[in-house]
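Notes follow the structure.
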Amino acid sequence: MIPVIEVKDVVTHYGSRKILNHVNVDIQPGEIMVVMGGSGSGKSTLLRHLIGLERVSAGSIRLLDQDIGHMSHHELTRFYRKLGVAFQGGALFSSMTVGENIMLPLREHTNLDEKTMAIMVRMKLEVVNLAGFEHLMPSELSGGMLKRAAFARAVIMDPALLFCDEPSAGLDPVVSSSLDELILQLRDALNMTIVVVTHELDSAFRIADRITVLDKGEVLTIGSVDQVRASTHTRIQDLLNRRFEETILDPDEYLARLTGESI
Amino acid sequence: MEHSVHVQPNGHIVSFSGEIDLENSPAARTRLLEVVEYATTVFVDLTAVTYMDSSGIASLVEAYQRAKKTNVAFVLISTSPAVLRVLQMARLDKVFTIHETLEHAQHAKH
Ligand SMILES: Nc1ncnc2c1ncn2[C@@H]1O[C@H](COP(=O)(O)OP(=O)(O)OP(=O)(O)O)[C@@H](O)[C@H]1O
Ligand SMILES: [Mg+2]
């Protein structure tokens, strides 16, 4: 089977800092891939590359068997109708109602009837438990409600590929697990391929077919939930046991760091 | 997507097959709304549908609501997981009348 997402030897720099270091990941059709890793490990950066928002310094990324690095702006725009994206802190447009925000991709990319679009918006609001909120402005929603509205917008087109950056961070446990359930349903009903960045271990273990663990821009491991849990790698165990990385302290270097002077 | 309409003594049968998606659901919608206008009983046969997205479901919802208003019986026929799962996800599996086969549907009272 041709992977729907193929990340090959990707290297990325921001300025002179290397952020992703020879990352390789293949994701199969209908697979739910969870990306985990400490803060700053490069998860969001990887996601931004996957959707063509940023170009790689080296390596390549293929989505649905097309190299997104070689797509023109126009091709990318056409391609975007197949992608759903829920960003970390995914913002809605403050000048539009919640319903208009969620409908936006349909307006931009389809010729559906108004009535069809309105029903689709309400169906999605139902499944994220925001029924009846379509006429409110984003400023009238809570943080967790905004997140769910952003998720509804990401899936309004029933995209072939869905990318979510911490969709359930900050949600209460009940809402968070109903979002997990929805992610599973989207995959089962529509055979969606889904990439989810998350810090929530419970959620990751519940939804993941496989987990990619990133550390300082490198892939530590890719494997099933059981494989990752059984890993003896210390950094992975630190992550699973929520231990902070132990840094080996060189007193001289530490002093120099604090004073901003080199030794 | 292919679709066809058959008129039978006990109702109109609208059959769809293949994939109902953003591209072709407007055609499905037009046909459904049209049939609901003049039929007294509509059987929507989705047995051969291999994929249906939310725009297809939305079209069914609109046609069903229209049918209810004018006392037209509106019945879905499907065993296809592709259809049933999407209906389930939208919590519509309990809203529509769904039968496994056309024979079942025709023998049931609506
Ligand atoms: N626009 C940017 N310009 C420069 N550096 C950036 C930029 N975005 C991210 N970085 C750097 O890239 C590294 C990875 O950041 P990234 O946002 O991918 O982390 P993350 O794994 O998503 O972390 P978190 O869990 O905190 O969201 C960090 O060191 C960060 O400083
Ligand atoms: Mg991030």
Given pairs A:K115/A:K147; A:K43/A:K82; A:K115/B:K68; A:K18/A:K82; A:K82/A:K216 and cut-off 23 Å on Cα-Cα distance, the over-length ones are A:K115/A:K147; A:K18/A:K82; A:K82/A:K216
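Within region A:86-164, report the GluC sites (Glu not before Pro) that DSSP leaves as loop and that have at most 13 other Cβ atoms within 10 Å. Walk me through the numbers before you get to the answer.
Details: sites: A:E100, A:E108, A:E114, A:E126, A:E134, A:E140; in loops: A:E134.
Listed in order of number, the matching sites amount to none.
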Give the residue from A:G170, A:G217, A:S60 lying farthest towards the positive end of the charge dipole for chain A; charges sit on Cβ (+1 for Lys and Arg, -1 for Asp and Glu) and the dipole is referred to the Cα centre.
A:S60
Amide H of B:L92: which non-local residues (sequence gap of 5 or more, or other chain) have their own amide H closer than 5 Å, using H built in the peptide plane?
none
Treating the beta-carbon of each Lys and Arg as +1 and of each Asp and Glu as -1, no other charges, what is the dipole magnitude of region B:2-103 about its Cα centre, to the nearest 20 debye?
440 debye
Run the simple label-point estimate for B:T70 and A:F205 please: 7 Å along Cα→C-beta, distance reported in nm.
5.6 nm
What FRET efficiency do you get for A:Q237 and A:Y14 if R0 is 25 Å and r is their Cβ-Cβ distance, rounded to the nearest 0.05?
0.30
Kindly list the residues of region A:189-227 that lie in the label zone of A:Q28, defined by a backbone N under 16 Å from the point 7 Å along the Cα-to-C-beta vector.
A:191-195, A:208-212, A:222-227
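How large is the Kirkwood hydrodynamic radius of the protein assembly as shown, in angstrom, based on all distinct alpha carbon pairs? Before the final figure, lay out the partial values.
Working: mean 1/r = 0.0440 Å⁻¹.
This gives a value of 22.7 Å.
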Which loop-located GluC sites (Glu not before Pro) does region B:1-30 contain, where loop means any DSSP state but H, G, I, E or B and the Cβ has at most 15 other Cβ atoms within 10 Å?
B:E23
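Can you give the local net charge around A:T259? Use residues other than it whose beta-carbon is closer than 15 angstrom to its beta-carbon, Lys and Arg +1, Asp and Glu -1. Walk me through the intermediate numbers first.
Details: positive: A:R257; negative: A:D250, A:D252, A:E253, A:E261.
With Lys, Arg at +1 and Asp, Glu at -1, the net is -3.
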Förster radius 22 Å - calculated FRET efficiency between A:E108 and A:H70 (Cβ-Cβ, nearest 0.05)
0.40
Dipole of the protein assembly as shown, positive direction: furthest Cα of A:V228, B:V42, A:M103, with charges on the beta-carbon
B:V42
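Can you give the relative contact order of region A:5-259 as a percent, counting alpha carbon pairs under 8 Å and 6+ residues apart?
Taking the mean separation of contacting Cα pairs over the length of region A:5-259, I get 26 percent.
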Given H placed 1.01 Å from N in the peptide plane, which residues other than close sequence neighbours of A:Q66 have an amide H under 5 Å from its amide H?
none
Charge dipole (the protein assembly as shown, unit charges on Cβ, about Cα centre) - positive-most of A:V25, A:S142, A:V10:
A:S142
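Order the following by accessible area, largest value first: B:L60, A:L258. Probe radius 1.4 Å; ligands, DNA and RNA are ignored. Present the calculation step by step, with values, prior to reporting the outcome.
Numbers: B:L60 5, A:L258 120 Å².
Putting B:L60, A:L258 in descending order of accessible area: A:L258, B:L60.
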Where nothing but the Cβ of Lys and Arg (+1) and of Asp and Glu (-1) is charged, how large is the charge dipole of region B:51-110 around its Cα centre, in debye to the nearest 20?
280 debye
At 1.4 Å probe size, put A:T232, A:T193, B:T30, A:T221 in order of accessible surface, largest to smallest.
A:T232, B:T30, A:T221, A:T193
Assuming R0 = 35 Å, what is the FRET efficiency of A:Q88 and B:K94, from their Cβ-Cβ distance, to the nearest 0.05?
0.45
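Mind checking the dipole of chain A: about its Cα centre, +1 per Lys or Arg Cβ, -1 per Asp or Glu Cβ, Debye to the nearest 20? Walk me through the intermediate numbers first.
Values: 26 positive and 35 negative charges, 88 e Å.
With only Lys, Arg, Asp and Glu charged at Cβ, the dipole is about 420 debye.
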Any aspartates and glutamates with Cα under 15 Å of the B:K69 Cα? List them, leaving off those in the same chain fewer than 8 positions away.
B:E34, B:E37
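The values are calculated or read from the model by the stated rules, or taken from the named source; none is laboratory data. Note that the structure is a prediction, hence the values are computed from the model and not measured. A quick note on method: Cβ atoms are made from the backbone with ideal geometry, for glycine too, and the neighbour counts reach across all protein chains shown. Note: areas computed on protein heavy atoms with side chains; ligands, DNA, RNA excluded. Shrake-Rupley method; radii C 1.70, N 1.55, O 1.52, S 1.80 Å.
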